[in-house]
Amino acid sequence: MASQYVGQRLSFESQLCTVRYIGEVKGTKGEWLGVEWDDPSRGKHSGEHNGTRYFECKAPGAGSFVRPNRPSDPPNSFLAGLREKYITNVEKSGVPKPIEFGKKIAQEVGFDKVAKKFAELDTLTNVLLDYMRIKTCDEDSEEIAATCANLQKLDLTCNLFEEVEEVVKLCISLPKLVSLSINGNRFMKYQIRDQYRHGLDRIKTLKADDLRSSWTELFELVNNFTNVTDLSIAVGDIETLTPDITPRVSDLRIASRLESICLEEHAIGSLSGLADLQNLPSLRKLLLSYNKINAVYSPAESKAVGKLCFPSVTYLDISHNEVGDWTFLDDMRIAFPNLEALRISHNPLYGTSDARTLTEQSYQITVGRLGRLVTSLNYSVITPAERADAELFYISTIVKELSGKPAEQEAEILSHHTKWQELQTSMLSSSPESYYPYMENRL
């Protein structure tokens, strides 16, 4: 029992968990460990038993009790995990896993050469150490630097780290490291002592998804990095990042450098909920799939329509959200005046049918409403011919909507089609022979 403590990270039969409680459970004999599983499906409750709560879980239903004497998987240091993955596992199985040596893929050469390369750990440029039970960086920094002299990309997804500082100590020892993934870890301490901060200066890409951290904890983590341009903090419960939410994104040390940010799988309901991101001057790519976005402006911000602007963003992914109104595109076009590429598939706009790609009509309406703004839609480049056809089709849908309606309703109908006047002018100048038949039908 002396070696076990609240906050400890453990692995049982390759399933990771965090100790949340140590003690007795009423109605049972002996002591128990109350644990929260990284995989919530393994849980049996949220920390309670027979009406008494013993601990809290960050993920509902992820808790259970295990006996303190249950054998756990032994934790690894960094180099021990590296050697287990890339030397011991290969020797045991005889089948090497995918790995990069510079620009070469290991499977492209014979096994003898691969085995030799695996033994030469200092040649590795990209290392994947997910689920390797790594808990510490106990080795001498010079030994790590010599062993991983060429390592540029390191993936430490789902390990047993308890303190961010352990990861930072490792980064200090990797002279060429530029990309770090710490997805799925469950840190208990986010503070880093000043003498270790310089170890993060080389990192350009940081992936910190699914940490079950609060926004304040995420901010503290990310704010230790000074040169990151590509940031992913996906999977969590963020609802808004507006200037009145503290700490503010725009106060990050990397705020002026950020070029790409991934906020997928949160609880964001509107684009205006991300208003503080307007203050990131270098932001080019914004990834927001699998949220709850259904409007550019929330109902409470209806009077602010037209004030939201992300002038530097050229790529936006809002696929797999709750967009169900075509006027969303009108507001979005104003909020993203320099948008070049958009992904908006798998939204209610396109109905409930299975659609890996947009239906032809939905695609055309999207292109027509966006006008010349976007050059790529759902990974497809919009050709001039496709754009012309789409704009003509969109005009036809407006004409059909106007047909048979009294004149006094026209202004109301057209208020939902802000591109109407612009499209008319464009079609009259570029393709009047195509445009006039539609207008004759209207008359």
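The table that follows gives values for the structure above.
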| read-out | value |
| --- | --- |
| Residue-wise HN-Hα coupling along region 47-63, computed from phi with Karplus coefficients 6.51, -1.76, 1.60 (Hz; x: Gly, Pro) | x, 10, 8, 6, x, 10, 8, 10, 7, 9, 10, 6, 10, x, x, 8, x |
| Sparse-neighbour loop sites [trypsin sites (Lys or Arg not before Pro); region 133-222; at most 11 other C-beta within 10 Å; DSSP] | 193 |
| Around residue 315: net Lys/Arg minus Asp/Glu count, Cβ-Cβ under 9 Å | +1 |
| Net +/- balance of residues flanking residue 65 in space, Cβ distance below 13 Å, scoring K and R +1, D and E -1 | +4 |
| Sites matching chymotrypsin sites (Phe, Trp or Tyr not before Pro) across region 1-41 that sit in DSSP coil, with at most 11 neighbouring C-beta atoms within 10 Å | 5 |
| Semi-axes of the equivalent ellipsoid for region 114-236, Cα gyration tensor, largest first, Å | 23, 15, 14 |
| Packing-based exposure ordering (other Cβ within 10 Å, fewest first) of 17, 262 | 262, 17 |
| Of 169/207; 207/307; 307/405; 85/153; 207/285, those spanning more than 24 Å from alpha-carbon to alpha-carbon | 207/307; 307/405 |
| For region 288-301, Karplus couplings with θ = phi - 60° (6.51, -1.76, 1.60), whole Hz, Gly/Pro x | 10, 5, 6, 10, 10, 5, 10, 7, 6, 10, 5, x, 6, 10 |
| Mean Cβ neighbour count within 10 Å, used as a protection proxy, ranking 63-75, 281-293 highest first | 281-293, 63-75 |
| Positive minus negative residues near residue 162 (Lys, Arg vs Asp, Glu; Cβ under 9 Å) | +2 |
| Long-range amide H partners of residue 295 with built H, under 5 Å | 271 |
| Of the DSSP H helices in the chain, those whose Cα atoms cover at least 18 Å axially and whose Kyte score averages 0.5 or more | none |
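Values quoted throughout were computed directly from the atomic coordinates according to the rules given, and no laboratory measurement underlies them. Note that the structure is predicted; figures quoted are calculated from it, not measured. Cβ coordinates were reconstructed from backbone atoms using ideal geometry, including for glycine residues, and neighbour counts include every protein chain displayed.
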